[in-house]
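Below: the structure, in structure tokens.
What follows is calculated from the coordinates using simple rules that are stated; it is not laboratory data. No experiment lies behind these values; they were computed from the predicted model shown. Cβ sites come from the backbone with ideal geometry, for glycine too, and all protein chains shown count toward neighbours.
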Amino acid sequence: MLDFNPLSLSLPQALASALRRLTHLAHTSSWDQWAVQRLTPTQRRILDVVASRRESLTLSALARELGVTPATASDSVGALEAKGLIQKRRSEVDGRALALMLTSEGQSSVTALAALPDPLLNAFDALTPDEQEIFYRSAMKMIHGLQETGALPVSRMCVRCQHFEPFRAAADARNPHYCHLAGSPMADRHLKLECPVHEAGDQTTQNTNWGRFNGPPPAKQPS
Ligand code: SF4
């Protein structure tokens, strides 16, 4: 009998290899789409970040969110300005700072890009809804871990938000979490990685919520 163990990658190595194939597909297919719009991946990401914000976004805040230097962010913003997709205006929050906003052409570009076919999106058709939810939860845990080590910039995700309460309704397996801002229960699939109305919780709240979210669901109370 053949022992596959010494012939195989470790499970983390196999998973990383599989994810690299998927991200390669995402990058190459997206590159074709962005090329139509004359955008680099960083420019595309900037349009998405600016479009997702309700409040004004400064250049330094954008650089922090992208995990790049202010000089790199400034170069990409300059290119988007030259294409007429982004404009700078005086910030409503800090009159001394300039805020980034989409022009109407930039808004049209974001809408057009969102409507393009996405092969990575179609790949998830191979998973059941339950498998997709487990995948999303696992990805969120990986992203949170990478943010904690500084490998990824911290994002405006639910598990870092003061309005988030994980497993508020442990008895409701489909919608166990709660957003106090919306006043609504949430399933794992509703959790945001980038929420426009996110308000960061203090460190104690974030640690407590992450411990509850990451641990086993609380036991049901006897009725
Ligand atoms: S406000 Fe946004 S980030 Fe905060 S819990 Fe609600 S949906 Fe999540």
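Tell me what the chain gives for mean residue ellipticity at 222 nm when only DSSP H runs of n ≥ 4 count, each as -39,500 (n - 2.57), the sum divided by the residue total, rounded to 500 deg cm²/dmol.
Values: 8 runs with 108 residues, N = 223.
Per the formula, -15500 deg cm²/dmol.
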Task: Normalised alpha carbon radius of gyration of the chain [divisor 2.2 N^0.38 Å] - done: 1.18
TODO: Give the angle, between 0 and 90 degrees and rounded to the nearest 10, that separates the Cα long axis of helix 129-148 from the longest principal axis of the Cα atoms of the chain.
DONE: 70
Task: Dipole of the chain [Lys/Arg +1, Asp/Glu -1 at C-beta], most positive-end residue of GLY84, GLY95, THR28 - done: GLY95
Task: Residue among HIS27, HIS198, HIS163 with the largest mean-square fluctuation in a Gaussian network model of the chain, springs linking Cα atoms under 10 Å - done: HIS27
Task: Choice from ALA187, ALA200, ALA18 with maximal GNM fluctuation in the chain (Cα, 10 Å cutoff) - done: ALA18
Task: Global form of region 110-211, assessed from the alpha-carbon gyration tensor, a/c cut-off 1.5 - done: prolate
- [ ] Calculate I(q)/I(0) for region 31-118 by the Debye formula, one identical point scatterer on each C-alpha and no solvent, and give its log10 at q = 0.14 Å⁻¹ to two decimals.
- [x] -0.45
Task: Nonlocal amide H pairs with ALA200, under 5 Å, H built at 1.01 Å - done: GLN162
